[in-house]
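Note sheet for the following structure.
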Amino acid sequence: MEAKRSLLAILTILSFLSISTAAGTRKIRARKPCKSMVFYFHDIIYNGMNARNATSAIVGSPQWGNRTILAGQNHFGDLVVFDDPITLDNNLHSNPVGRAQGFYIYDKKDIFTAWLGFSFVFNSTRHKGSINFAGADPLMNKTRDISVIGGTGDFFMARGVATLMTDAFEGEVYFRLRTDIKLYECW
């Protein structure tokens, strides 16, 4: 009886060791994206004089700020909503393939950074549906990665990464972002 217990204890220990060693030797495989795309979105912020052309507006600001001029201190506290054209090239006047719709919040006093939540809503014959994005945008970095957190239509339940790069910046009124999207879950 004692020999059976000892054998059972040894087999149990060996099985735990083999499980824990197998778990530690798993390799992380580099995955290739199932879909890659590049788009540009063009943001023209309302400044009190450009209502006809503006594609974004400050809808919330700190007490020391106002809603026509971005606040000082790295725009901390400003909440901006946007409905920007998306193009396949960096020309603002190219035919849009959709709209970038969402918001950004300038969320730090000491560093120029924002938090983004937005969708690319497509209206072209090439793409139907939307891609949803969210994440921190440290604006002073040359490139920034944000998460692709879902989608609809052609991009149903998409997951991946979008690398943002500020392609043009004209003061406090206009900027253009190059958005390099890599989807790793495509349905």
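The values are calculated or read from the model by the stated rules, or taken from the named source; none is laboratory data. Quick caveat, the model's predicted, so the values are computed rather than measured. Using ideal geometry, Cβ is built from the backbone for each residue, glycine included, and neighbour counts are taken over all protein chains shown. The area values use the complete protein model at the heavy-atom level, side chains included, leaving out ligands, DNA and RNA. Shrake-Rupley method; radii C 1.70, N 1.55, O 1.52, S 1.80 Å.
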Tally of residues being open to solvent by less than 20 Å² (accessible area, probe 1.4 Å) and either within 9 Å of the chain's Cα centre (by Cα) or more than 19 Å from residue 83 (Cα to Cα) (or both) across region 161-178: 2
Qualifying positions in region 166-183 - closer than 17 Å to residue 45 by Cα and part of a strand (DSSP E or B): 166, 167, 168, 169, 170, 174, 175, 176, 177
Filter result for residue 54 (farther than 14 Å from residue 104 by Cα, in a loop (DSSP other than H, G, I, E, B) and modelled with pLDDT under 90): no
Is there a residue in region 163-177 that is acidic (Asp, Glu) and modelled with pLDDT of 95 or more? no
Which listed residue is open to solvent by less than 70 Å² (accessible area, probe 1.4 Å), touching an Asp or Glu at 6+ places or on another chain (Cβ under 7 Å), at pLDDT below 90 and farther than 29 Å from residue 160 by Cβ, from 65, 77: 65
